[in-house]
Amino acid sequence: MNTTRSTALFTKAQQLIPGGVNSPVRACKSVGCDPRFIAKAKGSKIWDVDGNEYIDFICSWGPMILGHNHPAVKEAITKAMEHGTSFGAPCALEVELAEMVVDALPSVDMARFVSSGTEATMSALRLARGYTGKNVVVKFDGCYHGHADSFLVKAGSGVITLGIPGSPGVPEDIVKNTVSIPYNNIEVLEKTLRDESLDIACLIMEPVAGNMGVVLPKPEFLQAIRALTAELGIVLIFDEVITGFRVSYGGAQSHFDIMPDLTCLGKIIGGGLPVGAYGGKAEIMKHISPEGPVYQAGTLSGNPLAMAAGIATLTELKKPGFYETLNAKAEKFAEELQGIANKHLDKSCLNRQGSVMTNFFAKGPITDFDSAMTADADKYGMYYREMLDKGVYLAPSQFEGAFISLAHSDDDLSRTLEITESVFRKL
Ligand code: KE4
């Protein structure tokens with residue numbers, strides 16, 4: 001593939017932007033190649049600045065569940081733009097999207113919009129601490145909740161991908177209030193939550209982990225977490241930035257029928273524009289300023305263009321049969337991928353929740369951070385580079401998910417499987 005323009009852009013970008021990218025994983029460091037600069041996207045396809053076409057399985061890391069540049073989303077943004085781009089004042093679109101979120105998520109009575117998933121989780125953490133008067137947050141190894149200081153402890157996503165323990169710049173005073181324990185381990189969970197020396201404000205989790213690669217909760221894990229946190233007065237926060245409106249229209253909380261106290265959202269609810277949100281029980285949310293004393297604010301929170309994109313997206317997702325169609329497409333693809341992997345690879349473990357999945361180059365089962373770390377990241381890098389040069393755009397990390405959108409056609413998926421088999425044969 002000709003990548004002349006991407007190479008030139010990356011060279012210039014590295015002089016102006018740290019690592020040449022505005023989010024670390026995009027630099028493709030862990031997969032041993034330089035990034036392709038993307039010029040445009042439509043449906044299931046993206047094109048780089050050299051005109052190369054790819055079938056896209058990153059989907060902007062989740063938001064593009066309808067496919068890129070969906071006509072209804074594009075029309076909604078264009079229409080909103082006719083009236084201006086930002087008011088710094090309340091507008092009707094915020095109320096409309098808030099009502100859709102509250103109606104969709106059974107545990108959410110009220111919600112506050114912010115501009116990223118990180119803002120959503122950091123705000124939910126401050127709220128839980130303000131509401132309980134306690135300081136400690138419990139998280140799970142390999143789960144990623146954005147880059148707020150308190151969460152950069154044994155985090156997932158880019159932190160694993162770059163193989164860094166946490167991050168310099170996070171004071172010990174902050175880190176001491178974060179306890180990270182193994183995902184799917186009920187014994188350690190109970191021991192930790194019942195440890196009276198810890199003044200635990202909240203437990204935050206990805207109900208389906210997506211940042212150590214996709215890792216599913218064991219059937220009894222979520223129930224145990226809900227029962228223990230309810231018994232002990234610990235605020236349970238579901239970070240549904242990935243799973244919200246991905247796993248089902250009601251998120252993972254509806255799918256598993258486990259109701260958290262607070263929920264964090266992002267990605268899909270912005271339809272590709274910057275939106276995050278946190279919400280939950282009115283009794284807790286009423287502690288947020290200006291109704292309550294816990295402060296949180298944002299210049300572009302509830303931005304009208306972003307609200308319009310989110311409303312248009314959720315309107316499409318709400319249509320009857322959307323998730324059945326999407327999940328059936330993903331299930332068929334995953335079954336065939338598993339078959340190819342079993343035929344050609346000595347080690348492979350595919351974890352999937354609905355339309356997000358990870359094929360680990362590992363024996364499996366992959367149920368937590370330690371087992372995810374057994375994956376052969378170098379082999380994944382070889383796979384990634386081969387697939388990229390054959391026109392398939394995967395996450396540049398073994399420890400992320402592959403997303404399927406409604407726009408992925410049967411032809412896209414069968415072509416991807418053909419290319420995958422040709423690559424697996426060579427690995
Ligand atoms: P943002 O601040 O990136 O909008 O959201 C942070 C976040 C919070 N919670 C979960 C479960 C998330 O997955 C994320 C962000 N996801 C990563 C990829 N897994 C975004 C991609 C990137 O960092 O470039």
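Below are the figures for this structure:
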item	result
Qualifying position, being surrounded by 15 or more Cβ atoms within 10 Å (Cβ to Cβ), free of Cβ contacts under 8 Å to residues at least 40 places away in the same chain and in contact with a helix residue (DSSP H, G or I) (Cβ under 6 Å, 6 or more places away or on another chain), among 222, 203	222
Candidate set: segment 26-41, residues that are over 17 Å from residue 419 (Cβ atoms) and under 21 Å from the mean Cα position of the chain (by Cα); chosen: the one farthest from the ligand (Cβ to nearest atom)	41
Within segment 128-147, considering residues that are in contact with a Pro (Cβ under 9 Å, 6 or more places away or on another chain) and part of a loop (DSSP other than H, G, I, E, B), the one farthest from the ligand (Cβ to nearest atom)	141
Meets criteria (among the aliphatic types (A, V, I, L, M) and either in contact with a Cys (Cβ under 6 Å, 6 or more places away or on another chain) or closer than 24 Å to residue 293 by Cα (or both)) for residue 114	yes
In segment 148-159, the residues that are more than 7 Å from the ligand (Cβ to nearest atom) and not aromatic (Phe, Trp, Tyr)	148, 149, 150, 152, 153, 154, 155, 156, 159
Pairs where the first residue, in segment 244-266, is touching a residue at least 12 places away in the same chain (Cβ under 8 Å) and the second is away from the ligand (no atom under 13 Å from the Cβ) and acidic (Asp, Glu), C-beta under 7 Å, 6+ apart	none
Set 248, 254, 197: member being surrounded by fewer than 24 Cβ atoms within 10 Å (Cβ to Cβ) and under 15 Å from the mean Cα position of the chain (by Cα)	248
Residue ranges of helices (runs of 4 or more DSSP H) in segment 354-427 with at least 3 members of a type in the set (Val, Ile, Thr) and over 13 Å from residue 211 (Cα atoms)	410-426
Which listed residue is in contact with a helix residue (DSSP H, G or I) (Cβ under 8 Å, 6 or more places away or on another chain) and of a type in the set (Ser, Thr, Tyr), from 107, 116	107
Of all residues making up segment 49-84, the number that are basic (Lys, Arg) and in contact (Cβ under 8 Å) with a residue 40 or more places away in the chain	1
Set 267, 281: member being under 17 Å from residue 111 (Cβ atoms), among the basic types (Lys, Arg) and surrounded by 24 or more Cβ atoms within 10 Å (Cβ to Cβ)	267
Test: residue in segment 328-335 that is outside the structural domain of residue 396 (by TED's automatic domain parsing) and of a type in the set (A, V, I, L, M, F, W, C)	no
Subset of segment 107-127 (residues that are buried (at least 23 other Cβ atoms within 10 Å of the Cβ) and either assigned to a helix (DSSP H, G or I) or modelled with pLDDT under 95 (or both))	117, 119, 120, 121, 122, 123, 124, 125, 127
Close pairs (7 angstrom Cβ cut-off, 6 or more residues apart or separate chains): more than 20 Å from residue 19 (Cα to Cα) in segment 134-158, within 7 Å of the ligand (Cβ to nearest atom) and modelled with pLDDT under 90 anywhere	144/157
Any chance residue 316 is acidic (Asp, Glu) and touching a residue at least 40 places away in the same chain (Cβ under 8 Å)	yes
Filter result for residue 71 (over 23 Å from the mean Cα position of the chain (by Cα) and either surrounded by 15 or more Cβ atoms within 10 Å (Cβ to Cβ) or away from the ligand (no atom under 16 Å from the Cβ) (or both))	yes
Filtered residue count, segment 103-127, keeping only those that are closer than 18 Å to residue 259 by Cβ, among the hydrophobic types (A, V, I, L, M, F, W, C), away from the ligand (no atom under 11 Å from the Cβ) and in contact with a Leu (Cβ under 9 Å, 6 or more places away or on another chain)	5
Residue 309 being within 16 Å of the ligand (Cβ to nearest atom) and not β-branched (Val, Ile, Thr)	yes
Which listed residue, of 207, 304, is over 20 Å from residue 121 (Cβ atoms) and in contact with a Ser or Thr (Cβ under 9 Å, 6 or more places away or on another chain)	304
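The values are calculated or read from the model by the stated rules, or taken from the named source; none is laboratory data. All values reported here derive from a predicted model rather than from experimental measurement. All Cβ positions, glycine included, derive from the backbone under ideal geometry; neighbour counts span all protein chains shown.
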